[in-house]
Ligand code: 4AZ
């Protein structure tokens, strides 16, 4: 059929059949459409491949599952051609739009044939309508088409300029799903990615908070809550950065995304757009920052710094002689200052002393405590030195920091041991310190063996002469019942060294072993120092009571080995020109040295002398002495020293026992105790020698018992 023909007679032949067509059409429209729900199928015009009947209408509804589209392809198409496909046609529609209307055999300006092209439905539904008018004179064969369900790749398709998924899109046959980048979670819309950001608590005094991923686009569909909770007394200030970008709307105030700040019963915001809120003083210690984003938009977000300030406290003045750290122009809540004192001073607070003191600026602008005072270190009254003296080198006997003192000993009877200056200064810690001894104190020890009165004035002693007063100031008289019974020597200021045999009763000659019950009582006799006259009182004498008796542990009463003992006096002697101790032997004397022996012992004819007598005799060679006494079957042991002249004459005698045998140390110039009078065969006999206990041998024991050191 010629295309022009129907237009030349638009109504003629067509009108003739109109009623029939319309009746038929009425009948056909009423007919149900053919429902096709398979994933593919074939659709043919009635009677295909024979010519289709006239006046027919057939409808097909193709439905495929969601996520699929219908793709239609015509294998064959042969319909009557007419202007704008008025007569016979195939119309392809989706739910609400005509996708195509085809007719004819070939496409022209006004009619379309499907040709090679496929038609794809926008959704999962497509309908097809075939219409033929009242004539098919040229026996057009109609059409043969196939449809298939084809998958939609939602990930590649955009609608409303929005991607199917916020982050990652995954297509599968018949559908798609979305997933989110690490740190994000899929919103319930299954499309946008939100973040979990409702649990942010800040408790530090300052910090930085920003929208998630700032300055990259913040997540969609998120509600972020940031809480800043500080101690009461702080006020939080917020400072938003200028770089601020939250989705906004030109007319409505922040309808999509916004940031809001709640501070107590105040609320700041909502803020959105590109203008930074700048600085916000919340005047609260606990605030909430809410940030809401909807499911669309790409904006950078926001960033803020928060700081906390509190009420200022009044300025504090450092105490006199003290300082405050850190030193600031202002102090606010929670600021702490440490108060410390200059060297030599320390904090005094509530009667308690310390090196530092801390105070804190509290809520309401009050300091936790008053500034304490700095008190100067005080070394207090220096300890006293026995036989010594303290003199203050600073006025008013000051004992505070940097004061000085000077120790000295009672000169010339005591000297400082060790030999130091005795200068002490009060240090910053309140302690007296010397450059030589630190905090240790020196002691004042008695000066030994240095009598004020010199022996050289005496020509020399022949046969024993009265000694000069004060020439032997260490000699002690052991006195009982108005009579002297032994001698002794002063060591230090409260010890007497004497002979052991002076201090016990006579022993049983059958069994001469000393028991403690044999030792005489210390209260049964007296020690007299500063003594000169034998039986008359001296102005210089000091009567002292012995307190304890110590017999040498190796003493043998039968042989008089280690015939040496110590007496402890109940009180110290007062040292003066007539009372002073003798020195210990230093072992430097020569074997034949001259020694001086003194005592109130018997004279010839068994008379007591008027006053103290002394003799000067040489030490005897040990072997000579030993031999002299061997004849008498008396042992001279190592602990004994002998002295006297071969021809006799000058000798100690009864009553001299325990008394001193001294010699002048040629190195020291001090008198030292070599021996104590012990025994002998008679007195002053020819080829007999006086026997003395060797003090050098007992020295370790003496030092240990007495503790005396010079
Ligand atoms: C005595 O009986 C005594 N000639 C002391 C010394 C001497 C003799 C006897 C030495 O205490």
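A simple packing score, the average count of other Cβ atoms within 10 Å per residue, orders the peptides 74-82, 516-524 as 74-82, 516-524, with the highest score first.
The length gained on full extension between residue 47 and residue 208, counted as 0.36 nm times the residue separation minus their Cα-Cα distance, comes to 50.0 nm. Using the Kirkwood radius over C-alpha pairs as Rh, can you work out the diffusion coefficient of region 292-435 via Stokes-Einstein at 10 °C, viscosity 1.306 mPa s, in µm² per second? The diffusion coefficient I find is 81 µm²/s.
For the chain, the longest principal axis of the Cα atoms and the long axis of helix 18-30 meet at an angle of about 30 degrees. A straight chain from residue 554 to residue 190 at 0.36 nm per residue would run longer than the Cα-Cα distance by 119.9 nm. Our summary gives the chain a relative contact order of 7 percent, counting only alpha carbon pairs under 8 angstrom and 6 or more residues apart.
Here region 71-99 and region 417-456 have alpha carbon centers that stand 133 Å from each other. Its alpha carbons considered, region 220-369 gives a radius of gyration followed by a Dmax of 22.7, 74 Å. For region 28-91, the relative contact order works out to 30 percent when only alpha carbon pairs closer than 8 Å and six or more residues apart are counted. Using R0 = 45 Å, the C-beta based FRET efficiency linking residue 323 and residue 200 works out to 0.60.
Taking every Cα-Cα distance in the chain and sorting them into 10 Å bins starting at zero, the pair-distance distribution P(r) comes out as 3, 10, 11, 8, 6, 6, 6, 5, 5, 5, 6, 6, 5, 4, 4, 4, 4, 3, 1, 0, 0 percent. With the cut-off at under 19 Å, measuring from each backbone N in region 69-94 to a point 7 Å along the Cα-to-Cβ line of residue 120 picks out 69-75, 92-94.
Axis of helix 695-706 versus longest Cα principal axis of the chain: the two differ by about 50°, to the nearest ten degrees.
Peptide packing for 481-491, 43-53 was compared via the average number of neighbouring C-beta atoms within 10 Å per residue; ordered from the highest value, the list is 481-491, 43-53. The modelled label-to-label distance between residue 411 and residue 637, using points 7 Å beyond Cα along the C-beta direction, is 4.7 nm. For the chain, what does -39500 (n - 2.57) per DSSP helix run (n ≥ 4), summed and divided by total residues, give at 222 nm, in deg cm²/dmol to the nearest 500? Roughly -1500 deg cm²/dmol at 222 nm, from the helical runs in the chain. Based on C-alpha pairs under 8 angstrom that are at least 6 apart in sequence, region 374-501 has a relative contact order of 17 percent. Extension gain residue 666-residue 370, at 0.36 nm per residue separation less the Cα-Cα distance, in nm? Full-extension gain reported as 99.4 nm. Here residue 61 and residue 182 are evaluated by their C-beta separation; at R0 = 51 Å the FRET efficiency comes out at 0.65. The modelled label-to-label distance for the pair residue 266/residue 40, using points 7 Å beyond Cα in the direction of Cβ, is 7.2 nm.
When both region 156-218 and region 658-710 are represented by their alpha-carbon centers, they are found 110 Å apart. Spin-label pair residue 389-residue 452: with each label point 7 Å from Cα along the Cα-Cβ axis, the two points sit 1.5 nm from one another. Annotation for region 473-538 versus region 302-358: alpha-carbon center distance of 74 Å. Could you tell me the calculated FRET efficiency between residue 157 and residue 311, based on Cβ-Cβ distance and R0 = 56 angstrom, to the nearest 0.05? FRET efficiency, residue 157 to residue 311: 0.35.
Here 568, 232 are placed in order of increasing Cβ neighbour count within 10 Å, fewest first, which gives 232, 568. Quick check: from the Cα gyration tensor, does region 556-710 come out rounded (a/c under 1.5), prolate or oblate? Because a/c hits 1.5 or more and a/b exceeds b/c, region 556-710 counts as prolate.
Read-outs: derived from the displayed coordinates by stated rules, not from any lab. As the structure is a prediction and not an experimental result, all values here were calculated from the model. FYI the Cβ positions are ideal-geometry reconstructions off the backbone, even for glycines, and counts take in every protein chain you see.
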